[in-house]
Amino acid sequence: MTEGEVSEHLVRLTGFMLFGFVAVMGANLMESLYIGRVGTLELAALGFTFPLVMTLQGMTMGLGIGASSVVARSIGAADWDRARRLITHSFVLVLLFVALVAGLVFVFLTPIFELLGADRQAQALARGYMTIWLIGLPFFAIAMVGSSLMRAAGDAVKPSYLMTVGAVIQIAIGPPLIFGFEGFEGMGLTGAALAFVIARGISFVMYGYYVAKDRLLVWSFGGFISSSRAILHVGLPAIAANLISPISLTVITRLLAGHGAAVVAGFSVASRIETMLAMVMWALSMSVAPFVGQNWGAGLFERVQRALRVANIFALSWGLFAFACLYWLGPRLIALVNDDPEVIEAASVYLLIIPMGMGLMGVVANSTSSFNALGMPGPPLMISLLQMLFLSVPLALIGNYLFGYRGIFIGSVVGISVTAFVAFVWLRITIRRRIRLARSKVDPIS
């Protein structure tokens, strides 16, 4: 497979994945737009839920990473029986794990929002939102893990369509639940959470139907412990790595809260606008992972190297394009959500600074996804720890002290720049070393 063919294959995989991500992130952005029309306090409360939501979604995605890693390598080795068994046991493991986590979070909602710096009014609104939202978490988890597993099994089309259907439903039923209709009084922020639950519940049913229809399941719990160990070998470190970013986000939100609710509201709006373009990086990295896993499992090492080269060039190019778009269009988009001058100023500052690091964020995502695909969960965890403990949080604290909330955003860009360099070099050295080992007849997977 030539570099051009690798590029074409990655573009196809990323395109389908991006289609679904556009819909999901679009639903999140529309949620912000709806809540922005309700009021600045409600928008700030939604901002306080963002680190918690990111934490829970990151944990879910970590399990998906672990499951898709072992499934992709099993398929690359032509072991479909093991792949189906792993897929089945992944769903069971996810439901058990998410139910436990959701219950624990519900108990500690008040201390969590106090830690984030929310005042009493914002706390009450945020608790009401999360109490409903948590009901939909198991449905969301199955959809996310189901998408990863279907892609690992070679189906990039259905996950995208299913993600889109769920997002469209959420966008469609959001306004009547939030604002009300024909005598029904709107539920505000709680209505937005209810729209999420209904939409994800429908997605859960659709994913279950297609996974069963495509015969990706085996109706047996035999070997569940063994499967769980294989999944958690990559999944637990991936969860830990995914938790580090929300922890950094928690610190940043706490620092922003010291500058007022309007700044938190602006951060909430701007981060969702930026995510609409950043999701291209996520889609790319999630497409790279099964490609790397399958080709490495089949011993096609040159394809892996070509894929990573193409992916990183694209990430940096997209980062420049995204920065230009947000520089010119950001303020106009913000004004559509909320007309509070303080909210607009804070959001505009975010969109002027944070997108500078978007391309480098893509390089980090490609590197960590590739490590996980190779069955090496340790490096992504170490990279994430480096970014949080030694870069993002310390630089955010220093930046806040020197330049206010603008300095917080500057610190984030500096942190991601250093992390991207470390991740790129580490992966490059690791792949070359493991190729030498493989050609010396040493197992590159174990």
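Nothing in this text is a laboratory measurement; each read-out follows from the coordinates by a stated rule. If you're wondering where the values come from, they're calculated on a predicted model, not measured in any experiment. No Cβ is skipped: glycine too gets one built from the backbone with ideal geometry, and neighbour counts run over all protein chains shown.
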ask   = If you plug each phi of the range 163-179 into the Karplus form 6.51 cos²θ - 1.76 cosθ + 1.60 with θ = phi - 60°, what whole-Hz ³J(HN,Hα) values come out, in order, with x for Gly and Pro?
value = 4, 5, 4, x, 5, 4, 4, 4, 5, 6, 8, x, x, x, 6, 7, 9
task = Assuming a ≥ b ≥ c are the square roots of the Cα gyration tensor eigenvalues, decide whether the range 143-187 counts as rounded (a/c under 1.5), prolate (otherwise, with a/b larger than b/c) or oblate.
result = prolate
task = Show me 419-432, 93-106 ranked by packing, highest mean number of other Cβ atoms within 10 Å first.
result = 419-432, 93-106
remark   = When R332, R82 are ranked with the fewest other C-beta atoms within 10 Å first, the list becomes R332, R82
request  = Would you mind getting me the FRET efficiency between Y209 and V92? Use the beta-carbon distance for r and R0 = 22 Å, nearest 0.05.
outcome  = 0.80
note = Sorted by chain and number, the residues with a modelled amide H under 5 Å from that of G180, at a separation of 5 or more or across chains, are G186, M187
request  = State the Cα centre-to-centre distance between the range 80-100 and the range 109-167 in whole Å.
outcome  = 19 Å
message = For the chain, take the longest principal axis of its alpha carbons; what is the angle in degrees between that and the long axis of helix 301-337, to the nearest 10 within 0 to 90?
response = 10 degrees
key: Charge dipole (debye, nearest 20) of the chain; +1 at Cβ of Lys and Arg, -1 at Cβ of Asp and Glu   = 1660 debye
ask   = Could you give me the ³J(HN,Hα) list for the range 391-406, computed from phi with Karplus coefficients 6.51, -1.76, 1.60 and θ = phi - 60°, whole Hz, x at Gly and Pro?
value = 10, 4, 5, x, 5, 5, 5, 5, x, 4, 5, 7, 10, x, 5, 4
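Take F291, F301, F314, F371 and order them by how many other Cβ atoms sit within 10 Å, fewest up front.
Ascending Cβ contact count within 10 Å gives the list F301, F314, F291, F371.
Mind checking Rg over Rh on the range 307-351, alpha carbons, Kirkwood formula for Rh? Spell out each step's value before the answer.
Details: Rg = 14.4 Å, Rh = 11.9 Å.
Here the Rg-to-Rh quotient is 1.21.
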ask   = Roughly how compact is the range 3-439, stated as its Cα Rg over 2.2 N^0.38 Å to two decimals?
value = 0.94
